[in-house]
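Please read the structure below before turning to the comments.
The values are calculated or read from the model by the stated rules, or taken from the named source; none is laboratory data. Because the structure is predicted, anything quoted here is derived from the model rather than measured. When we count neighbours, we look across all protein chains shown, and the Cβ atoms used for this are built from the backbone with ideal geometry, even at glycine.
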């Protein structure tokens, strides 16, 4: 879209989920700014190295480079990023980040780390698909997003035997930790 | 995903390395994808395989065309399964595979079935997938369903259709525009996100209709907009309406300002910020309008959320560029941000303070910054250096402490870009603050004593050669320069030799000593250094005695090199070694349109040391080569200028024709570029009949028809005129395209034998004064202006009458004269009441012309202009005045 920002719809250029070495867990680009995989990887490298040392674990952090605004938040060995153009409203990008971060948290039942994310990669990809469509924000409420994704996956209320092993482990672990905490 | 799970819990050491995709391989996954073809589908296993495929794509793996097609066909089989989760994954992978149009047909019916399903999730996703992969023809088939979906009672379905509409508007606007009734209805939706998407689409449908956008904004700002995102959109559209409604009365209230101000009290921070930012960006915003916006931004500065602090400080930083006083209230909050954990926020705070600070706070601020500089990255340091530079220009009296700061950081560790920013800043300060010159030059001298960047060393040496001789004691720089000749690489040594020669030429007393130094350089190990030393020894002349330097020598050493380097490069490449020496005057001097990068940063001062920018490879010489290949034009001499193409037909007509005007000393050639846009026609003997009755001084000498013009392959026909030698003769020409048209059989592509003669009216073409002036920039306008002297100066004043704005008036005069604006003076800052614009060019006959235009607003809209022209020939100066007087 060539319209100046002030007339354009808020847009997201990419959503990145990297691990603590900067490797891809799941990424989705909505803009042609990075035409090749090499360009994408280069951008991810820059984003990762420049944010690596910051503490983005309690509050979402923000940085600006190469004319992009990047908002990010880390948990365990996962780094969540949302990128927008340098004219974008920072708080809108932060809202998208929260949507992504929190809905992944819900979908992974609080066990948010790389291993869990990879084991449920389908959920992560569906989640990104529900948040942004071609750069345009579809939904920002983490509960609604998680609900849409979960209702599409195999029903979690189904008996244990019908769940995937992964889910079975997750549920079991959850029950276990809960009983410990009580 | 299943196989590595086994070891999961009893092998904790491997946990760090563990991944369900460990050892995944494309070939194997493609094999696995065969399960999609099983008669008894295992939904879970299929989902897992799709996830693996998506993982591969996500990691940057690519499928060959054949592989992608195979996967795609296999995936289409999965529509048989009723498993919801699997269907979701199918949708996802179809989007990722982005099938070609003949493949799309395969899934169309399945997707259309899903679009009419009872399950909302199917409807919503099928719409998104189909719209993503479809082309225009299919779209008309599904249009009916999409219109229904827009007003679907399920918000997810409605949003899916609306967002797809926003994407489709780019490729199929005429179809999407037919949905505006439904979209309008959706704007009233109770679902917040549907309203947001509907508003975005409705605005894009109507964006070219100012009145409609204005109505939309008027009705919505009064009504209720539910989602914060939609509210942000509405704020953006409102500012657009305000901007386009043009200049309002100075004192009166701005329409819609109340709405923006009201949004500052919205419950969502996103909306508050959007409104505050919109207010700060209003054209000609008053301090009364600014105050409430600044107040909310100030509150954000002390938020616990970094994103809010960043957004606020970044906006205030921009405000400070234009309205520093408005931001001073936030100074205390800003100062506490200098120690912010987030270095972007700290840097923005510092640079804002540098903009808003007053003279007395400079020293204190510099002390804070010195501590701060050691722990930030180079990119932030550059921003700070630039802010300090502008601060110094604002408070020239403080140059001493600022210059000291710059020289201190110059000595510290840092990368090339950072060092360059510092050096550039010192250079600019030296140029603009006379008192700072001597100390600045010495700092630079000390820097090159230990400088690892060849580029910076040579640039500084060049600068020293220009500025050093003008100081009170030039001899003290010689030591630094001559040291380079001993200690550096060949490139730096060569520039040091040139710099020495400049001192020798400019300061007569130094000449004998320089001569001795140059003589030593003749024994250098490098060719270039030796050559330069010998050359300068000879040009300086004499045998090392104290004599005055010739003017020619000075011109040679100090004169600016005004030939674009790109043009010189092409000319040299085209030069065939022969008896005839290369003639530098044969290099075209036309500067092609400025590179885009410059436009991106309007108002930014050109970097201090940069050589005048050279444009992208020019097309002049390609034209020249083409014209020279036509024997009839060979004796016209050297091509002076080729204009940009001028369209002679409306867009989308049967025949598209544009013309390029080639100006020679005694001739002008019109090159008509014709394109035939009708597939069923072949044109032959195409020629343009030119009626020059309104251009009396031109006489047609030659015309070259175009033998054949098939569909969609452009061709050229030429008409040449003779005109009085060396004069800027103007005139108007009427054009008719005449040709023989032959029908073409579209199935065989063969033309019929007999054709019919036909004519096609083209628009008129004018030869204007600007066609006789080349855009040739100068690197330093003031020097060039003073160098030209007032002998052939002509000054006069003109009233330009009422104009829409000062900027429009300035642009009109620049276009009229067709000259190159210098030093960024073509940009008029908004709201200024006066402006000076500097132009330079070369008039036909190779005569340099410089123009200084001073504009002023006289009354509310009337523009007055003072035009001062200097050139090498007074008749040319008069001619420029005539152009303006008659234009």
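Within segment A:72-94, the set of residues being at the interface with chain B (Cβ under 10 Å from one of its Cβ atoms), surrounded by fewer than 21 Cβ atoms within 10 Å (Cβ to Cβ) and over 22 Å from residue B:347 (Cβ atoms) comprises A:77 only. Residue check: residue B:217 meets all listed conditions (1) under 21 Å from residue B:152 (Cβ atoms); (2) away from every other protein chain (no Cβ under 11 Å); (3) part of a helix (DSSP H, G or I) but one, namely (1). Where helices (runs of 4 or more DSSP H) sit wholly within segment B:13-112, those with at least 1 residues that are under 22 Å from residue B:129 (Cα atoms) and either away from chain A (no Cβ under 11 Å) or modelled with pLDDT of 90 or more (or both) occupy B:43-58, B:65-76, B:84-97. Tell me yes or no: at least one residue of segment A:35-54 is under 17 Å from the mean Cα position of the chain (by Cα), surrounded by 15 or more Cβ atoms within 10 Å (Cβ to Cβ), within 27 Å of residue B:274 (Cβ to Cβ) and within 11 Å of another protein chain (Cβ to nearest Cβ). Yes, segment A:35-54 has at least one match. Answer with yes or no whether residue B:504 is more than 40 Å from the chain's Cα centre (by Cα), at positive phi and either surrounded by 13 or more Cβ atoms within 10 Å (Cβ to Cβ) or modelled with pLDDT of 85 or more (or both). Taking the combined requirement at face value, the residue does not satisfy it. Out of A:69, A:15, one residue alone is at the interface with chain B (Cβ under 10 Å from one of its Cβ atoms) and not in a helix (DSSP H, G or I). It is A:69. Go through (1) within 27 Å of residue B:472 (Cβ to Cβ); (2) touching a residue at least 12 places away in the same chain (Cβ under 8 Å) for residue B:421 and report which single condition fails. The one condition residue B:421 does not meet is (1). The conditions of being in contact with a helix residue (DSSP H, G or I) (Cβ under 6 Å, 6 or more places away or on another chain) and under 11 Å from residue B:352 (Cα atoms) are not met by residue B:321.
So how many residues does segment B:146-175 have that are more than 10 Å from chain A (Cβ to nearest Cβ) and under 18 Å from residue A:144 (Cα atoms)?
Looking only at segment B:146-175, we keep the residues that are more than 10 Å from chain A (Cβ to nearest Cβ), and these are B:146-154, B:157-158, B:161, B:165, B:168, B:171-175.
Imposing the further condition that a residue be under 18 Å from residue A:144 (Cα atoms) reduces the set to B:153-154, B:157-158.
Residues in segment B:146-175 being more than 10 Å from chain A (Cβ to nearest Cβ) and under 18 Å from residue A:144 (Cα atoms): 4 in total.
Only a single criterion out of (1) within 15 Å of residue B:345 (Cα to Cα); (2) out of contact with any helix residue (DSSP H, G or I) (no Cβ under 9 Å at 6 or more places or on another chain); (3) free of Cβ contacts under 8 Å to residues at least 24 places away in the same chain is not satisfied by residue A:51, namely (3). Taking segment B:775-811 as the range and being under 30 Å from residue B:667 (Cβ atoms) and modelled with pLDDT of 85 or more as the test, only B:794 passes.
Please list, ordered by residue number, the helices (runs of 4 or more DSSP H) wholly in segment B:511-616 having 2 or more residues that are more than 30 Å from residue B:479 (Cα to Cα) and modelled with pLDDT of 80 or more. It would help to see each step written out before you state the result.
Details: elements: B:511-521, B:527-540, B:551-558, B:565-574, B:596-600.
The qualifying helices (runs of 4 or more DSSP H) are B:565-574.
Every listed requirement among (1) closer than 24 Å to residue B:345 by Cβ; (2) at the interface with another protein chain (Cβ under 9 Å from one of its Cβ atoms); (3) modelled with pLDDT under 95 is met by residue A:97 save one, (3).
Does any residue of segment B:245-259 turn out to be within 12 Å of chain A (Cβ to nearest Cβ), touching a residue at least 12 places away in the same chain (Cβ under 8 Å) and not in a loop (DSSP other than H, G, I, E, B)?
So the first thing to find is which residues in segment B:245-259 are within 12 Å of chain A (Cβ to nearest Cβ), and the list is none.
No, segment B:245-259 contains no residue that is within 12 Å of chain A (Cβ to nearest Cβ), touching a residue at least 12 places away in the same chain (Cβ under 8 Å) and not in a loop (DSSP other than H, G, I, E, B).
Scanning segment B:272-304 for residues that are buried (at least 18 other Cβ atoms within 10 Å of the Cβ) and facing chain A (nearest Cβ under 9 Å) turns up B:272, B:273, B:274, B:277, B:278. Could you please tell me which pairs satisfy a Cβ distance under 6 Å, a separation of 6+ or placement on different chains, a first residue in segment A:126-151 that is farther than 26 Å from residue B:168 by Cβ, and a second residue that is part of a helix (DSSP H, G or I)? From segment A:126-151, the pairs are A:142/A:99; A:142/A:102; A:142/A:103; A:146/A:103; A:146/A:106; A:146/A:107. Taken as a whole, the condition of being farther than 20 Å from residue B:156 by Cα and at pLDDT 90 or above does not apply to residue A:125. Residue check: residue A:139 meets all listed conditions (1) facing chain B (nearest Cβ under 9 Å); (2) within 21 Å of residue B:193 (Cβ to Cβ); (3) part of a helix (DSSP H, G or I) but one, namely (3). Residues in segment B:826-846 that are surrounded by fewer than 18 Cβ atoms within 10 Å (Cβ to Cβ) and assigned to a loop (DSSP other than H, G, I, E, B): B:827, B:829, B:830, B:831, B:832, B:833, B:845, B:846.
Report whether or not residue B:226 is closer than 30 Å to residue A:131 by Cα, surrounded by 15 or more Cβ atoms within 10 Å (Cβ to Cβ), within 14 Å of another protein chain (Cβ to nearest Cβ) and modelled with pLDDT of 85 or more.
no
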